[in-house]
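Novice: Below you will find the structure I want to go over with you.
The values are calculated or read from the model by the stated rules, or taken from the named source; none is laboratory data. Remember, it's a predicted structure, so these values are computed and weren't measured experimentally. We place every Cβ from the backbone using ideal geometry, glycine too, and count neighbours over all the protein chains shown.
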Amino acid sequence: MEKLIIDGGTPLKGRVKISGSKNAALPILAATVVYPNKYSLNNIPDIQDVRTMLELLKILGAKYTFKDNKVVINTINIKKHEAPYDLVKTMRASVLIWGALLSRLGRAKISFPGGCAIGDRPVDQHLAGFESIGYKTIVKSGYLESISEGPVGGNFKFKVKTVTGTENLILASILGKQKTILENCSLEPEVDDLINFLNSLGGQIVRKKEKVIVTPVTELKKQKKIYKVIPDRIEAGTFMYLGCIFPNKITVTNAKVEDLKEVISTIRLMGAKVETEKASIKITPPKAIQPIQVQTKPFPGFPTDLQAQLMAVLIFAKGVSKIQENVFPNRFIHVAELRKLGANISIKENTAKIIGVNGLAGAKIQASDLRASAGLILSALSSKGKTEIFRIYHLDRGYERIDDKLKLIGAKIWREKE
């Protein structure tokens, strides 16, 4: 395994090009299973989760090439209905193969999905949704086995908003026999990107705020042009928060401004200046960061995936800030590591209280999950001296060459073997 070494305290200045969205690319890759065809996708981030998904599709029978952020994939020969444990256990998004295989083959067998250690992420809403539209599932030896039991289609209302649940039900119903109406659906732009991709192939999916209506089709059409995945709003937010720390001056490019409204709002509340153009956002930091209070919520609220990165900025605020985590129960694991750098943070139930400090000092710390890794990097870059970050395999699951991007804006960062 590798570790990151960061010699912090260096001002960071320049432009950072944002990669394609991890959370949009993965469901779209899964969607290529739904109907046998050849697909071309662009702006796909070269990250471990994408590589894992492509390997999973290959095991199912697909053939692909992946070069320069372009994936060409042929799913004509997919006949297997089982997603193996060894791959599914490493990545939560692999659960999306479930709905895609049900559409394609009328049956699917997957193990319970894995991913980051950020609390319980059940699949009960997936199960209830599948049952409502015509699929029966049994749990056997750690696997979920589903099969169609008649015409697919129906109505389902999610008890809680779930991104992968919404996506799975869309994938499982697009080739059904009857109309499917889904209510209380997630509003995340990554869900809309999946809908746009399927509609570009002849799908008939309509979004009406929190309601998604799927009018089934008998087949999907061949692609007329390469589909470009949306930019990664979480990566954009990560670099934008880094730009809030004085004296950094960072501009993110290839960003989708409308997907970052809540992030921009928090940045302005902290006293930073935000200048937006069509696909770029320039951050000018304040000399004194103002404390704020934030609650994580499903989109369009403040994203849980940026909670750790925002905390890395509020460490330096002139006063007391609070972050309430309402999405995942165990998402403050990184706080113990930030304290090693000198942060003053206390936790009570689902709320972190951050008392600003004048500076941090480098230390040996370890990442607990994907987004915590990014938060630790932001803090290490702002610390005096060297910081070693262990278990960075989490980082490579979701950020495309983040250390190389940081080097381009002046960071002293490199990898070593543990």
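Novice: Please go through segment 338-365 and give me each residue that is of a type outside the set (A, V, I, L, M, F, W, C), touching a Gly at 6+ places or on another chain (Cβ under 9 Å) and surrounded by 17 or more Cβ atoms within 10 Å (Cβ to Cβ), ordered by number.
Specialist: Correct list: Gly342, Gly356, Gly362.
Novice: Then there's this: So in segment 24-52, with the set limited to residues that are part of a helix (DSSP H, G or I) and either among the small types (Gly, Ala, Ser) or surrounded by fewer than 24 Cβ atoms within 10 Å (Cβ to Cβ) (or both), which one is nearest to the chain's Cα centre (by Cα)? Please lay out each step first, then the result.
Specialist: Quick first cut of segment 24-52, residues part of a helix (DSSP H, G or I) only: 24-31, 48-52.
With the extra rule that they be either among the small types (Gly, Ala, Ser) or surrounded by fewer than 24 Cβ atoms within 10 Å (Cβ to Cβ) (or both), the set shrinks to 24-25, 30-31, 48-49, 51-52.
Working: Ala24: 8, Ala25: 9, Ala30: 15, Ala31: 17, Gln48: 13, Asp49: 10, Arg51: 15, Thr52: 15 Å.
The qualifying residue nearest to the chain's Cα centre (by Cα) is Ala24.
Novice: Select from segment 368-391 the residues that are of a type in the set (A, V, I, L, M) and modelled with pLDDT under 90 and write down the one among them that is surrounded by the most Cβ atoms within 10 Å (Cβ to Cβ).
Specialist: Just the residues of segment 368-391 that are of a type in the set (A, V, I, L, M), to begin with: 370, 372, 374, 376-378, 380-381, 389.
Now narrow it down to the ones that are modelled with pLDDT under 90: 370, 372.
Values: Leu370: 24, Ala372: 29.
Among residues in segment 368-391 that are of a type in the set (A, V, I, L, M) and modelled with pLDDT under 90, the one surrounded by the most Cβ atoms within 10 Å (Cβ to Cβ) is Ala372.
Novice: Also, quick follow-up: Do you know which residues across segment 164-218 are acidic (Asp, Glu), over 15 Å from Val229 (Cα atoms) and part of a helix (DSSP H, G or I)?
Specialist: Glu167
Novice: Give all pairs with beta carbons closer than 9 Å in which a residue from segment 172-200 that is closer than 16 Å to Thr162 by Cβ meets a residue that is buried (at least 22 other Cβ atoms within 10 Å of the Cβ) and basic (Lys, Arg); count only pairs at least 6 apart in sequence or on separate chains.
Specialist: Qualifying pairs under 9 Å: Pro189/Arg233; Glu190/Lys22; Glu190/Arg233.
Novice: Scan segment 292-309 and tell me whether some residue there is of a type in the set (Gly, Ala, Ser), touching a Gly at 6+ places or on another chain (Cβ under 6 Å) and farther than 23 Å from Val257 by Cβ.
Specialist: Taking segment 292-309 first, the residues of a type in the set (Gly, Ala, Ser) are 301, 308.
Remaining after also requiring touching a Gly at 6+ places or on another chain (Cβ under 6 Å): 308.
Keeping just the survivors that are farther than 23 Å from Val257 by Cβ gives none.
Scanning segment 292-309, I find no residue that is of a type in the set (Gly, Ala, Ser), touching a Gly at 6+ places or on another chain (Cβ under 6 Å) and farther than 23 Å from Val257 by Cβ, so the answer is no.
Novice: Yes or no: segment 88-106 includes at least one residue that is in a loop (DSSP other than H, G, I, E, B), on the phi < 0 side of the Ramachandran plot and at pLDDT 90 or above. Steps first, please.
Specialist: The first filter runs over segment 88-106 and keeps only residues in a loop (DSSP other than H, G, I, E, B), leaving 89-91, 106.
Narrowing the set further to residues that are on the phi < 0 side of the Ramachandran plot leaves 89-91.
Filter once more, keeping what is at pLDDT 90 or above: none.
No: zero hits.
Novice: A further question follows. So Lys287 clears everything in (1) part of a loop (DSSP other than H, G, I, E, B); (2) in contact with a Ser or Thr (Cβ under 9 Å, 6 or more places away or on another chain) except one condition, right? Which one?
Specialist: Among (1) part of a loop (DSSP other than H, G, I, E, B); (2) in contact with a Ser or Thr (Cβ under 9 Å, 6 or more places away or on another chain), the lone unmet condition for Lys287 is (2).
Novice: Go over the candidates Glu235, Glu258 one by one and state the one that is within 21 Å of the chain's Cα centre (by Cα), surrounded by fewer than 18 Cβ atoms within 10 Å (Cβ to Cβ) and acidic (Asp, Glu). I'd like the intermediate steps shown before the answer.
Specialist: Working: Glu235 fails: surrounded by fewer than 18 Cβ atoms within 10 Å (Cβ to Cβ).
Going through Glu235, Glu258 in turn, just one is within 21 Å of the chain's Cα centre (by Cα), surrounded by fewer than 18 Cβ atoms within 10 Å (Cβ to Cβ) and acidic (Asp, Glu): Glu258.
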